[in-house]
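Beneath this line is the structure, given in structure tokens, with notes to follow.
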Amino acid sequence: MSNQKIVAICGLAGSGKSEVSDQFIKAGYEYLRFGQITLDEVKKRGLEPNEENERPIRERFRKKHGMAAFAILNMSKIDEILNRGGNVLADGLYSWSEYKELKDKYGEQLIVVAVYAAPEIRYTRLADRRSRYKDDLKMKYRSFSRDEAKSRDYAEIENIEKAGPIAMANYTIINEGGLEELEKQVEEVLVRINKN
């Protein structure tokens, strides 16, 4: 079995997945954003990237490919990175079906890291992004109002089985403090992953 790893980051919006991903990238992991497929389709249709426009597209992908759609649609990109000898950082593992699909194919190479923060903390962060990341052309740090964020939480938990990968994570990072505290936790996870 290959020593290369696929680290999949999961968590609800505003939990800190992007910050955690950034640390894995600094450690040499190649970045793959699962949800980029949705954003690419939104842009292709000339729509504004927002929750109202993205949700039906995500749901259409899942209707066509099943609940494991984003795992299936990203597997060729994962394989390409692994074939080059790289480690993969998969940002945005969402559904239980995606988790099972990846686990079936990659087995112990798949490591899931859940990032958690309480709802009110996440909603405050998400609203604050509007001013902090206004020049974010890749839309890595998207903003949501409190109502949009809550609606997205409910939809992701009820419609796309998002709680499953969080519950089955190999590691869980509680991100309710500052950036320095988060970075320390990620460093500890990286050390543990690299030992295996």
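Quick rundown of the values:
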{"read-out": "Ile78 vs. criteria in contact with a strand residue (DSSP E or B) (Cβ under 6 Å, 6 or more places away or on another chain) and at negative phi", "value": "yes"}
{"read-out": "Test: residue in the stretch 2-9 that is among the hydroxyl-bearing types (Ser, Thr, Tyr), out of contact with any Phe, Trp or Tyr (no Cβ under 6 Å at 6 or more places or on another chain), surrounded by fewer than 19 Cβ atoms within 10 Å (Cβ to Cβ) and not in a strand (DSSP E or B)", "value": "yes"}
{"read-out": "Near pairs, Cβ below 6 angstrom, 6+ apart or cross-chain, from the stretch 40-62 (basic (Lys, Arg)) to any residue that is in a helix (DSSP H, G or I)", "value": "Arg58/Thr38; Arg62/Ala69"}
{"read-out": "Count of residues meeting criterion [free of Cβ contacts under 8 Å to residues at least 60 places away in the same chain and either surrounded by 16 or more Cβ atoms within 10 Å (Cβ to Cβ) or basic (Lys, Arg) (or both)] in the stretch 99-128", "value": "5"}
{"read-out": "Matching residues in the stretch 155-181 - criterion: being assigned to a helix (DSSP H, G or I), aliphatic (A, V, I, L, M) and within 18 Å of Ile111 (Cβ to Cβ)", "value": "Ile166, Ala167"}
{"read-out": "Subset of the stretch 144-162 that is without any contact (Cβ under 8 Å) to a residue 60 or more places away in the chain and either among the charged types (D, E, K, R) or within 19 Å of Val20 (Cβ to Cβ) (or both) - its residue that is surrounded by the most Cβ atoms within 10 Å (Cβ to Cβ)", "value": "Lys150"}
{"read-out": "Among residues of the stretch 45-56, those that are surrounded by fewer than 18 Cβ atoms within 10 Å (Cβ to Cβ) and either in contact with a strand residue (DSSP E or B) (Cβ under 7 Å, 6 or more places away or on another chain) or part of a helix (DSSP H, G or I) (or both), counted", "value": "5"}
{"read-out": "Sole exception among (1) hydroxyl-bearing (Ser, Thr, Tyr); (2) free of Cβ contacts under 8 Å to residues at least 12 places away in the same chain; (3) under 16 Å from Ala163 (Cβ atoms) for Ser76, by number", "value": "(3)"}
{"read-out": "Failed condition for Gly28, given (1) assigned to a helix (DSSP H, G or I); (2) under 28 Å from Gln4 (Cα atoms)", "value": "(1)"}
{"read-out": "Any hit, the stretch 30-53, residues being over 27 Å from Lys150 (Cβ atoms) and touching a Gly at 6+ places or on another chain (Cβ under 8 Å)", "value": "yes"}
{"read-out": "Failed item in (1) under 27 Å from Leu190 (Cα atoms); (2) buried (at least 19 other Cβ atoms within 10 Å of the Cβ), with Ala69 passing the rest", "value": "(1)"}
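Where a number appears in this text, it was derived from the coordinates with a stated rule and is not lab data. Please read all numbers here as calculations on a predicted model, not as lab measurements. For neighbour counting, all protein chains shown are included, and Cβ atoms are generated from backbone atoms with ideal geometry for every residue, glycine included.
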